[in-house]
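First comes the structure, then the notes that go with it.
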Amino acid sequence: GADAVIQFITGYLLEWSLSVDNIFVIALIFAYLRIPTLYQYRVLFWGIVGAIVLRGLMIAAGTTLLAHFDWMFYVFGAILLVSALRMLRDDDATPDFGASLPARLVRRFVPVTDDLERARFFVRREGRLYATPLFVALVMVELTDVVFAVDSIPAILAVTRDPFLVFTSNAFAILGLRSLYFAVAGMMAMFRYLKYSLVLILAFVGVKMLLVGHFHVPNLVSLGIIVGTLAGGVIASLWATRREERAAGD
């Protein structure tokens with residue numbers, strides 16, 4: 001029982017920490033599409049519902065692969081290391097969401113209105129069905145979560161292969177994503193070094209998976225490393241922000 005609790009908490013914190021990077025992308029999507037805060041709740045609610053379903057399917061596939069093919073640990077470990085390097089090398093340029101794949105997919109199957117229609121995803125005009133920018137935002141949030149799941153699901157499978165623990169820790173972390181978004185989105189500039197904490201966490205878990213056949217890292221040690229790395233990123237970010245405020249006040 002105690003080991004399962006540690007695995008759940010480790011998986012939850014791992015998913016929660018990786019969701020922070022997802023929050024930044026969601027904030028950019030809402031800003032680009034000019035989605036008012038009043039309607040962002042609706043997009044996040046249905047986005048979370050869809051994310052839980054998609055994560056369940058991906059977790060089932062991942063646990064099945066690991067149960068039948070042990071070498072998949074090395075594949076997942078390599079994915080995490082590549083993800084860490086990619087996150088480290090990403091520049092700060094704002095992506096063009098209007099030309100993104102989700103936006104093009106929506107426009108290919110259904111026309112999109114230029115303006116919002118309150119909190120509606122679809123409207124009918126002159127007998128023809130139109131999607132609103134709110135639906136485009138929902139599709140982009142869902143596909144963004146799938147991309148991030150490629151990183152987070154292999155990471156949590158390095159902690160435990162129990163499908164119940166993997167899914168529940170993921171589900172509870174995602175359920176808190178909406179509240180976390182509104183708590184963090186307005187303070188993104190304060191946590192500038194959190195990105196490097198996430199890079200270190202992904203790299204640590206990737207190395208852990210690559211060494212699974214040679215060396216086992218205890219779950220309690222993994223939990224301590226994840227918590228310590230997150231705390232270090234937050235403290236460093238807050239310290240840098242306060243130092244800049246003091247320098248500006250002098």
* Structure fact -> Within the range 117-143, restricting to residues that are of a type in the set (A, V, I, L, M) and over 23 Å from ARG55 (Cβ atoms), the one that is surrounded by the fewest Cβ atoms within 10 Å (Cβ to Cβ) is LEU129
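Can you confirm whether PHE76 is open to solvent by less than 30 Å² (accessible area, probe 1.4 Å), at negative phi, assigned to a helix (DSSP H, G or I) and at pLDDT 75 or above? Full working, then the answer.
Working: open to solvent by less than 30 Å² (accessible area, probe 1.4 Å): yes; at negative phi: yes; assigned to a helix (DSSP H, G or I): yes; at pLDDT 75 or above: no.
Judged against the criteria, PHE76 is not a match.
Here is a yes/no grid of residues against (1) open to solvent by 20 Å² or more (accessible area, probe 1.4 Å); (2) at pLDDT 80 or above; (3) touching a helix residue (DSSP H, G or I) at 6+ places or on another chain (Cβ under 6 Å):
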site	(1), (2), (3)
MET190	yes, no, yes
LEU194	no, no, yes
LEU198	no, no, yes
ALA203	yes, yes, yes
HIS214	yes, no, no
SER222	no, no, yes
ILE226	no, no, yes
* Looking at (1) surrounded by 15 or more Cβ atoms within 10 Å (Cβ to Cβ); (2) small (Gly, Ala, Ser); (3) modelled with pLDDT of 75 or more, find the lone condition where ALA149 falls short. => (3)
* Criterion violated by LEU129 - all others in (1) farther than 30 Å from LEU210 by Cα; (2) of a type outside the set (Ser, Thr, Tyr); (3) touching a residue at least 40 places away in the same chain (Cβ under 8 Å) satisfied -> (3)
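Hey, among ALA240, ALA185, which residue is modelled with pLDDT under 75, more than 23 Å from THR10 (Cβ to Cβ) and assigned to a helix (DSSP H, G or I)? Before the answer, list the steps.
Numbers: ALA240 fails: modelled with pLDDT under 75.
Going through ALA240, ALA185 in turn, just one is modelled with pLDDT under 75, more than 23 Å from THR10 (Cβ to Cβ) and assigned to a helix (DSSP H, G or I): ALA185.
The values are calculated or read from the model by the stated rules, or taken from the named source; none is laboratory data. All values derive from a computational prediction rather than experimental measurement. All Cβ positions, glycine included, derive from the backbone under ideal geometry; neighbour counts span all protein chains shown. What goes into the accessible areas is simple: the full protein's heavy atoms, side chains included, and nothing from ligands, DNA or RNA. Shrake-Rupley method; radii C 1.70, N 1.55, O 1.52, S 1.80 Å.
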